[in-house]
Amino acid sequence: MCGRMTMTHPNDAMARLFEAAPSNDLPPVPRYNICPTQPVAVVTAGQGGRRLRPMRWGFVPQWYKTPTDGPLLINARAETIAEKPAFRAAVRARRCLVPATGFYEWTKDDAGNRLPWYFVPKDRAPLVFAGIWQDWTKGDQPMTTVAIVTTGASDWMSATHHREPVRLAPTDWARWLGETGEKAAPLMQPAPEGYYDRWRVDARVNSNRAEGAVLVEPRAA
């Protein structure tokens with residue numbers, strides 16, 4: 001799964017990278033501990049071109065009466081995304097790119113303590129996750145929400161977690177956004193072996209209130 005991530009790349013650089021028009025209310029960066037329900041910058045495509053815009057991380061289906069009317073849907077499983085009532089319309093018509101710098105996963109030691117690990121691309125290029133989005137309009141303040149697509153982990157990733165976010169290569173961005181007319185399902189695969197670096201980080205990242213570059217500094221495993 002993907003439940004925490006970082007974003008340190010400047011918003012204007014991301015807008016140029018994706019050839020997207022940036023919104024004026026993008027979340028400020030750098031951010032070293034992005035948590036569910038917080039805003040993230042997301043790339044969408046439409047008749048007016050690509051946009052880089054903020055969305056709440058945590059997909060809210062239209063039938064929820066409040067944002068907390070059901071489970072917090074931060075991830076969507078690739079294996080069932082086309083059939084799940086919450087996601088099936090979005091994966092057909094509302095796919096998006098979720099840029100990041102890296103993300104965290106956890107293991108446990110023999111005493112049951114949660115041990116955080118940080119993952120980044122080996123080349124340190126921007127990491128781009130496959131996402132789906134949804135406008136939720138039932139409340140007094142409508143919101144636009146997003147979930148990150150996950151798939152079964154590669155052999156390498158499975159040493160840490162049995163799931164991983166779907167990472168998209170630059171050559172696949174247009175296809176995932178629906179700009180090429182090609183089917184997107186084949187893109188929902190684990191990252192290639194050797195794509196990530198991984199290291200242990202301090203347990204202070206376990207708190208959703210922690211922030212700062214110190215959170216991604218390597219520590220002894």
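The values are calculated or read from the model by the stated rules, or taken from the named source; none is laboratory data. Nothing here was measured: the structure is a model prediction, and the numbers come from that model. With ideal geometry, Cβ positions are generated from the backbone for all residues, glycine too; neighbour counts draw on all protein chains shown. SASA here: full protein model, heavy atoms, side chains in, ligands and nucleic acids out. Shrake-Rupley method; radii C 1.70, N 1.55, O 1.52, S 1.80 Å.
Tell me yes or no: at least one residue of region 55-65 is in contact with a Cys (Cβ under 9 Å, 6 or more places away or on another chain) and either modelled with pLDDT of 95 or more or charged (D, E, K, R) (or both). Yes: region 55-65 contains one or more residues that are in contact with a Cys (Cβ under 9 Å, 6 or more places away or on another chain) and either modelled with pLDDT of 95 or more or charged (D, E, K, R) (or both). Among the residues of region 124-135, is any of a type in the set (Lys, Arg) and over 18 Å from the mean Cα position of the chain (by Cα)? No; the residues of region 124-135 include none that is of a type in the set (Lys, Arg) and over 18 Å from the mean Cα position of the chain (by Cα).
When Tyr118 is tested against the conditions (1) in contact with a His (Cβ under 8 Å, 6 or more places away or on another chain); (2) more than 26 Å from Ala185 (Cα to Cα), the lone failure is (1). Does any residue of region 159-173 turn out to be of a type in the set (A, V, I, L, M, F, W, C), at pLDDT 95 or above and in a helix (DSSP H, G or I)? For region 159-173, residues of a type in the set (A, V, I, L, M, F, W, C), at pLDDT 95 or above and in a helix (DSSP H, G or I): present.
Within 19 Å of Cys35 (Cβ to Cβ) and either without any contact (Cβ under 8 Å) to a residue 12 or more places away in the chain or not small (Gly, Ala, Ser) (or both): is that true of Trp106 in this structure? Answer is yes for this residue. Being of a type in the set (Gly, Ala, Ser), open to solvent by less than 40 Å² (accessible area, probe 1.4 Å) and in contact with a His (Cβ under 8 Å, 6 or more places away or on another chain) is a property that Ala184 lacks. Phe18 meets all of the listed conditions (1) out of contact with any Phe, Trp or Tyr (no Cβ under 9 Å at 6 or more places or on another chain); (2) surrounded by 13 or more Cβ atoms within 10 Å (Cβ to Cβ) but one, namely (1).
Considering region 156-181, the residues that are of a type in the set (Val, Ile, Thr) and farther than 19 Å from Val120 by Cβ include one that is least open to solvent (accessible area, probe 1.4 Å), namely Thr180.
Among residues of region 77-130 being open to solvent by less than 20 Å² (accessible area, probe 1.4 Å), part of a strand (DSSP E or B) and among the aromatic types (Phe, Trp, Tyr), the one that is nearest to Arg56 (Cα to Cα) is Phe129. For region 53-76, give me each residue that is open to solvent by 10 Å² or more (accessible area, probe 1.4 Å) and in a strand (DSSP E or B). Answer for region 53-76, where residues must be open to solvent by 10 Å² or more (accessible area, probe 1.4 Å) and in a strand (DSSP E or B): Arg53, Pro54, Arg56, Leu73, Asn75.
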